[in-house]
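What follows is a short report on a single structure.
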């Protein structure tokens, strides 16, 4: 049941949010082909990028005019805000679906996710210092906790 609830929350959050310029404004063959053009060619550029999968490849590899610098955001908000209650419960327990989902979103490799769970659990009071902590504060504290751990530091920017 918890999987269904977490999945539903993530789907609602994802469907009601918009990624801000993933890969950059000039990412993909369509944008490269129609560079400088305006009007209906935006649709063609988007179609070329979407049907060939080159924008996804470019975002992953840093090619095709795509940038891998910076972080993706959803409408200026962190995805963690949508699963904050579940995430805090999972951190308190040291395991759970939301904890794993946040680890995946932060790019933590499967072999380091147990360490991520243990480190966040040990630092619960640092990550969640009060009941009214914001998602931005949680992310800042989480980044600090991860930077302090030798194995997790590589996942911080």
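Each reported figure results from applying straightforward, stated rules to the coordinates on display, with no laboratory input. Remember, it's a predicted structure, so these values are computed and weren't measured experimentally.
Report the gain in length on full extension from residue 95 to residue 63: 0.36 nm times residue separation, minus Cα-Cα distance, nm rounded to one decimal.
Fully extending the segment from residue 95 to residue 63 adds 7.8 nm.
The stretch 88-149: Rg/Rh from Cα coordinates, Kirkwood Rh?
Result: Rg/Rh = 0.92.
With a cut-off of 8 Å between alpha carbons and a minimum separation of six or more residues, what is the relative contact order of the stretch 79-155 in percent?
So the answer I get is 30 percent.
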